[in-house]
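Below is one structure, written out as structure tokens; the observations come after it.
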Amino acid sequence: MFYLVEIEDVVAIPPRDFGRPLKKVVLERVKEAYEGKILEDLGYVVMVVDVEADPVGVLLPRDGATYHRARAKLLCFYPRIQEVGEGEVVEITEFGAFIRVGPLDALLHISQIMDDYITYDERHSVLMGKKTGNKLEVGDDVRFRVVAVSLTHGTTGKIGVTTRQPYLGKLEWIKKSLEKLVPEPKKAKAVAGEE
């Protein structure tokens with residue numbers, strides 16, 4: 001989900017910044033251009049980790065700025081379809097739950113939570129299975145699989161997840177289902193004559 005990516009770009013340094021350290025100015029410009037934005041090839045750019053800039057820039061006619069070639073390392077978030085991850089439920093609605101997945105929130109649609117009829121309790125902000133009694137609330141930790149990703153250029157994106165597969169769902173539910181699979185140890189039979 002998280003990747004470290006190296007990019008190259010050309011950064012303009014305006015005359016007002018000529019006396020400042022070049023690396024600091026280039027870092028500010030690259031942060032303005034990339035941080036907090038979604039780029040189709042990179043995904044969501046979380047932060048600029050490091051920059052390097054050529055000390056010699058290029059001047060263009062009728063432009064007071066100098067242009068420097070820069071290389072930057074970016075920490076990017078790009079969830080892939082079928083990837084499994086964990087996150088925290090941050091909001092419950094009548095149509096599902098939103099799970100914090102890295103820097104974005106993913107939608108866990110009500111139809112993708114569990115194999116049970118689910119009711120929504122608006123007053124307590126809870127989704128509950130009718131037969132199982134399993135509850136999903138804000139603050140619950142959930143293991144999910146990514147089923148849809150739509151990160152378009154700009155600052156918004158959509159991620160769809162499911163917990164309707166084995167070993168996915170609220171971590172408590174997974175633990176209970178695993179405990180059911182492990183057989184209880186058999187008691188040793190008393191041997192005749194021993195007590």
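The values are calculated or read from the model by the stated rules, or taken from the named source; none is laboratory data. Here the structure is a predicted model, which means the values were calculated and not measured. Cβ sites come from the backbone with ideal geometry, for glycine too, and all protein chains shown count toward neighbours.
Taking the stretch 131-164 as the range and being hydroxyl-bearing (Ser, Thr, Tyr), over 30 Å from residue 176 (Cα atoms) and in a loop (DSSP other than H, G, I, E, B) as the test, the residues that pass are 152, 155, 156. Counting the residues of the stretch 15-71 that are touching a residue at least 60 places away in the same chain (Cβ under 8 Å), assigned to a loop (DSSP other than H, G, I, E, B) and surrounded by 13 or more Cβ atoms within 10 Å (Cβ to Cβ) gives 1.
Taken over the stretch 153-171, the residue count meeting the criterion of being surrounded by fewer than 13 Cβ atoms within 10 Å (Cβ to Cβ) and either in the same structural domain as residue 35 (by TED's automatic domain parsing) or without any contact (Cβ under 8 Å) to a residue 60 or more places away in the chain (or both) is 2.
When the residues of the stretch 111-143 are filtered to those that are within 26 Å of the chain's Cα centre (by Cα) and among the polar types (S, T, N, Q), the one that is surrounded by the fewest Cβ atoms within 10 Å (Cβ to Cβ) is 111.
The selection criterion, being in a strand (DSSP E or B), within 30 Å of residue 138 (Cα to Cα) and among the acidic types (Asp, Glu), holds for residue 88.
Residue 97 meets each of the listed conditions (1) touching a Leu at 6+ places or on another chain (Cβ under 7 Å); (2) touching a residue at least 60 places away in the same chain (Cβ under 8 Å) apart from (2). Condition (residue is outside the structural domain of residue 168 (by TED's automatic domain parsing) and either free of Cβ contacts under 8 Å to residues at least 12 places away in the same chain or among the polar types (S, T, N, Q) (or both)) applied to the stretch 137-152: is it met by at least one residue? Within the stretch 137-152, none of the residues are outside the structural domain of residue 168 (by TED's automatic domain parsing) and either free of Cβ contacts under 8 Å to residues at least 12 places away in the same chain or among the polar types (S, T, N, Q) (or both). Suppose the filter is in contact with a strand residue (DSSP E or B) (Cβ under 9 Å, 6 or more places away or on another chain) and modelled with pLDDT under 90; does residue 96 pass it? Taking the combined requirement at face value, the residue does not satisfy it.
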